[in-house]
Amino acid sequence: IRMIKILANDGISPDGQTLLEEAGYEVDTTRIPQADLPGVIGQYDVLIVRSATKVTKEVIDAGTNLKIIARGGVGLDNIDTDYARSKGITVFNTPAASSQAVAELAFAHMFSLARFLHGSNRAMPVSGGTEYDKLKKKFSDGIQLRGRTLGIIGFGRIGQEAARIGIGLGMNVLAVDPMIDEARIDIKPYNSEYITMAVSVPTVEMDELFAKSDFITLHVPFSGGTPIIGKAQFDKMKKGVCLINTSRGGTVDEEALLEAMASGKVAGAGLDVFDFEPTPRPEILSHPNISLTPHIGASTLEAQANIGLELADRILAFFGD
Ligand code: NAD
């Protein structure tokens with residue numbers, strides 16, 4: 001039998017590489033320059049890329065032995081997916097690897113908004129004395145998350161991870177998702193062999209979520225078009241709501257958000273994604289009640305390692321190992 005040869009042209013995490021090598025596959029992590037790729041790709045069964053390598057028609061045509069093209073991470077825009085599939089090549093990415101990372105970032109923003117971490121971090125370089133006391137007063141009316149209602153819009157991989165965390169914190173979790181009526185979620189205390197709690201989370205109508213939620217977090221895909229949250233939606237929300245967006249720029253109408261914050265309807269926002277990346281609106285960047293991160297939802301060490309493991313698992317499954 002011919003050994004299965006894998007080219008991981010943009011690298012693969014050591015865990016994932018080990019898993020494949022232990023199964024007897026050859027994993028080549030030499031980075032072949034784009035122009036030389038057609039010349040060598042013919043010897044490989046699997047091509048693994050991140051975002052750097054472009055898998056063009058030319059590369060696909062030259063890859064006469066290719067069975068799989070795998071993209072580590074989310075998105076497939078650097079791969080001519082339709083053309084590859086038309087040639088019978090399996091194409092996939094690793095959308096689950098970063099779900100926990102994104103869900104945790106949403107809560108990092110929630111905690112920041114609940115206790116003004118973003119504001120106090122900006123304001124803390126003070127000279128002490130009365131200035132310090134002023135700050136203390138300014139940031140003293142924070143709230144606890146326990147007992148608050150969390151509205152999750154989009155109840156897929158990330159939304160369901162967010163529900164697990166919210167339930168663990170003692171929040172009342174509501175979810176909206178046109179594709180899901182009720183999701184059964186297993187909650188396992190970390191590393192516990194003994195305890196698993198099965199929780200059923202039913203989804204509700206959007207208006208009910210708007211009317212009841214103290215925190216609203218978005219975990220929906222977005223491919224352009226009308227924002228999911230605009231003026232009409234803000235009008236239906238509770239006064240003092242906090243909004244978290246770690247999904248995609250465009251899902252929230254940023255101008256409507258700024259208006260809703262000016263009127264006091266929205267007390268705070270946590271944003272990882274923006275209408276304009278990498279140059280978000282200055283009014284967003286300088287807003288005292290917005291907690292900001294530069295699109296780092298998926299960027300944890302664990303998520304990076306998970307990408308390699310998810311790639312390895314799927315490749316092994318494809319070849320029946
Ligand atoms: P998923 O496909 O598992 O889940 C998305 C869910 O949203 C689906 O169940 C779908 O039915 C639902 N949905 C679609 N339109 C909806 C609507 N209008 N209202 C309510 N629900 C709707 O996706 P996922 O893995 O959970 O990812 C969710 C989003 O997170 C994606 O848009 C992705 O781009 C984004 N994301 C961001 C980062 C980051 O770095 N910030 C990283 C990874 C993913």
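The values are calculated or read from the model by the stated rules, or taken from the named source; none is laboratory data. Worth saying up front: this structure is predicted, and the values here are computed from it rather than measured. Quick reminder, even Gly has a Cβ in these numbers, built from the backbone with ideal geometry, and neighbours come from all protein chains shown. Surface areas here come from the heavy atoms of the whole protein model, side chains and all, with no ligands, DNA or RNA. Shrake-Rupley method; radii C 1.70, N 1.55, O 1.52, S 1.80 Å.
Couple of notes before you dig in:
- Of all residues making up the stretch 272-317, the number that are open to solvent by 80 Å² or more (accessible area, probe 1.4 Å), over 17 Å from the mean Cα position of the chain (by Cα), within 16 Å of the ligand (Cβ to nearest atom) and at pLDDT 95 or above: 2
- Yes/no for residue 251 being hydroxyl-bearing (Ser, Thr, Tyr) and in contact with a Phe, Trp or Tyr (Cβ under 6 Å, 6 or more places away or on another chain): yes
- When the criteria are applied in full, residue 56 fails the requirement of being surrounded by 14 or more Cβ atoms within 10 Å (Cβ to Cβ), in contact with a strand residue (DSSP E or B) (Cβ under 8 Å, 6 or more places away or on another chain) and β-branched (Val, Ile, Thr).
- One residue alone among 226, 217 is open to solvent by less than 40 Å² (accessible area, probe 1.4 Å) and either within 14 Å of the ligand (Cβ to nearest atom) or under 30 Å from residue 6 (Cβ atoms) (or both), and that residue is 217.
- Enumerated helices (runs of 4 or more DSSP H) restricted to the stretch 83-146, each holding at least 2 residues that are of a type outside the set (Asp, Glu) and touching a residue at least 60 places away in the same chain (Cβ under 8 Å): 99-115, 117-123
- Screening the stretch 1-82 for strands (runs of 3 or more DSSP E) wholly inside it with 1 or more residues that are closer than 19 Å to residue 319 by Cα, without any contact (Cβ under 8 Å) to a residue 40 or more places away in the chain and not β-branched (Val, Ile, Thr) returns the ranges 26-28, 68-71.
- Residue 117 vs. criteria surrounded by 13 or more Cβ atoms within 10 Å (Cβ to Cβ) and modelled with pLDDT under 95: no
- Every test in (1) open to solvent by 70 Å² or more (accessible area, probe 1.4 Å); (2) away from the ligand (no atom under 15 Å from the Cβ) is passed by residue 211 save one, and that test is (1).
- Residue in the stretch 175-197 that is open to solvent by 50 Å² or more (accessible area, probe 1.4 Å), part of a loop (DSSP other than H, G, I, E, B), within 30 Å of residue 75 (Cα to Cα) and in contact (Cβ under 8 Å) with a residue 40 or more places away in the chain present: no
- When the stretch 136-155 is limited to residues that are among the small types (Gly, Ala, Ser) and out of contact with any Asp or Glu (no Cβ under 7 Å at 6 or more places or on another chain), the one that is farthest from the ligand (Cβ to nearest atom) turns out to be 140.
- Enumeration of residues in the stretch 238-250 that are under 11 Å from residue 266 (Cα atoms), in a loop (DSSP other than H, G, I, E, B) and either of a type in the set (D, E, K, R) or open to solvent by less than 10 Å² (accessible area, probe 1.4 Å) (or both): 238, 239
- Some residue of the stretch 79-92 being within 16 Å of the ligand (Cβ to nearest atom) and either modelled with pLDDT of 95 or more or surrounded by fewer than 17 Cβ atoms within 10 Å (Cβ to Cβ) (or both): yes
- Condition check for residue 158: in contact (Cβ under 8 Å) with a residue 60 or more places away in the chain, open to solvent by less than 80 Å² (accessible area, probe 1.4 Å), within 13 Å of the ligand (Cβ to nearest atom) and out of contact with any strand residue (DSSP E or B) (no Cβ under 7 Å at 6 or more places or on another chain): yes
- The lone exception for residue 320 - which of (1) open to solvent by 70 Å² or more (accessible area, probe 1.4 Å); (2) of a type outside the set (D, E, K, R); (3) over 18 Å from residue 73 (Cβ atoms) it fails: (1)
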